[in-house]
Amino acid sequence: MAKPFIWTVDDDPDVLRAVERDLRRHYGDRYRVISADSGVSALEATKQLKLRNEPVALFLVDQRMPRMTGVEFLEKAIEPYPDAKRALLTAYADTDAAIRAINNAHIDHYLMKPWDPPEERLYGVVDDMLDDWQASYHPTFEGVRVIGNQWSPHSSDVRDFLGRNFVPHQWLNVETDEAAKQLVITTGADASSLPVVVFPDGSFLGNPPTSEVARKLGLKTKAEFPFYDLVVVGAGPAGLAAAVYGAADGLHTLLIEREAPRRRPGPALWRRDSDAAGGQECSY
């Protein structure tokens, strides 16, 4: 299971290095600490983390930054990560910012700089926030996510294709799931692009044919060689048996299936048998 992230954002490079160092020293074994030098760059990176379904436990953000203040950043970060803890760092007693942060950005804590020594002025506060976050945290799904309408035929086709190929995936109904709606906003897709298939690396395809999904997943969609001794079309029970026995007899065998090979009865998979005999499959 991937470790959750702690985000720290500050436009002062010295302060950014210091807070990143202190956080990594104390939390590096349980969390991944990352940093950004502006709210704009941090917000774009946050969207990428959301597409990869990476968990963010804490945003620790400086208030006085150019182009985007800490409060403005936290207001926008709520959308993709509503459950993440949020704290402001500032060297000023900015009462207006504190009130706005509490009301709009749902800030959890307000820290004054400098925080030295961190053992007394930083770690205790961060520990409390992370403990609260962990109490309600559920590990995120690590696999392909399909976002679409429940009654969409193409959504069903994509889900059926993934299931037939034993690809772990998660279905998100855009009509009832708030996380699905937010993920669609993050991708920038519109209604005509549904279903949207989001892959573990953060890339996504809008309204894709199953052949595109297959290529993205690394499934074989083209024959490896130009000539074969035996070509079997259809990976049903008869096709599987013909391919297995053809390969077992030493024939250079190609099995073509529209969606996915079916399991062969018995304790072993046909693919293991055909691989051992020098066979090859191709599904598309």
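Some values worked out for this structure:
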item: Magnitude of the charge dipole, the range 1-148, Cβ model with Lys/Arg +1 and Asp/Glu -1, debye to 20; result: 520 debye
item: Normalised contact order of the range 136-241, rounded percent, pairs of Cα under 8 Å and 6 or more residues apart; result: 24 percent
item: Interchain or long-range residues, amide H under 5 Å from residue 56's placed H; result: 5
item: For residue 232, residues with placed amide H under 5 Å, excluding near neighbours; result: 254, 255, 256
item: Pairwise centroid distance, computed over Cα atoms, of the range 27-93 with the range 193-207, Å; result: 24 Å
item: Tilt relative to the chain, helix 13-27 - C-alpha long axis, 0 to 90 degrees, to 10; result: 70 degrees
item: Dipole axis of the chain (+1 Lys, Arg; -1 Asp, Glu on Cβ), positive-most option in 49, 173, 7; result: 173
item: Percent RCO, i.e. relative contact order, over the chain, from Cα pairs under 8 Å lying at least 6 residues apart; result: 13 percent
item: Candidate residues 151, 7: accessible-area rank, largest first, probe 1.4 Å; result: 151, 7
item: Cα-based Rg and Dmax for the range 180-225, where Dmax is the largest Cα-Cα distance (Å); result: 12.6, 44
item: Candidate aspartates and glutamates - alpha carbon under 13 Å from residue 220, same-chain residues fewer than 8 apart omitted; result: 212, 257, 259, 281
item: Pairwise Cα inverse-distance average, inverted: Kirkwood Rh of the range 1-145 (Å); result: 15.2 Å
item: Antiparallel DSSP beta bridges within the chain, percent to nearest 5; result: 15 percent
item: In sequence order, calculated HN-Hα J values of the range 113-119 (Karplus, 6.51, -1.76, 1.60; Hz; x Gly/Pro); result: 9, x, 9, 6, x, x, 4
item: Residue among 191, 126, 136 farthest towards the positive dipole end of the chain, charges placed on Cβ; result: 191
item: Subset of 85/216; 85/113; 3/216 violating a 30 Å alpha-carbon distance limit; result: 85/216
item: Isotropically averaged projected area of the range 4-84, using the convex hull of Cα atoms (one quarter of hull area), nm²; result: 4.8 nm²
item: Helix 178-187 vs. the chain, principal-axis angle (Cα, 0 to 90°, nearest 10); result: 90 degrees
item: Convex hull projection area averaged over all views, the chain, Cα basis, nm²; result: 19.5 nm²
item: Karplus (6.51, -1.76, 1.60) ³J(HN,Hα), θ = phi - 60°, over the range 38-43, in Hz, Gly and Pro reported as x; result: 7, x, 5, 5, 5, 5
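The values are calculated or read from the model by the stated rules, or taken from the named source; none is laboratory data. Computed from a predicted model, the values in this text were never measured in an experiment. Reconstructed Cβ throughout: ideal geometry from the backbone, glycine too, with neighbour counts over all protein chains shown. Areas reflect the complete protein model, heavy atoms only, side chains present, ligands, DNA and RNA absent. Shrake-Rupley method; radii C 1.70, N 1.55, O 1.52, S 1.80 Å.
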